[in-house]
């Protein structure tokens, strides 16, 4: 009888974990899909203007940002660069550190070699701003 109770408790725990995992992955996919284009536009720092395009043969190669076609986009919560303790809830930056969703863009291997080797772009969904920095270790 004890084994049956433990088995049912294990199955119930597995069910809760599976539902939570499915919900979180679906929510992440929806947020990434909804804000992907905005994040890419905010992270592009080398947008070629009309004056940058010359009519010679060398200029036919368009300068692209390392984040124009990102290799991966991840959803993370909270900006780790902000120095706020978790118990300091009265701090004005507390929400930025622990609540705001961010999309982290990793440049693709083809575009990261010349322009953005070792860079990541963090797009803050709530504030609508992008920050390009070295990846955290």
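Data table
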| quantity | calculated |
| --- | --- |
| When residues of the stretch 87-111 are limited to those that are out of contact with any helix residue (DSSP H, G or I) (no Cβ under 7 Å at 6 or more places or on another chain) and in a strand (DSSP E or B), the one nearest to residue 23 (Cα to Cα) | 102 |
| Options 84, 45; residue that is out of contact with any helix residue (DSSP H, G or I) (no Cβ under 7 Å at 6 or more places or on another chain), part of a loop (DSSP other than H, G, I, E, B), modelled with pLDDT under 95 and under 27 Å from residue 118 (Cα atoms) | 45 |
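The values are calculated or read from the model by the stated rules, or taken from the named source; none is laboratory data. No experiment lies behind these values; they were computed from the predicted model shown. Don't worry about glycine lacking a Cβ; one is built from the backbone with ideal geometry, like all the others, and counts go over all protein chains shown.
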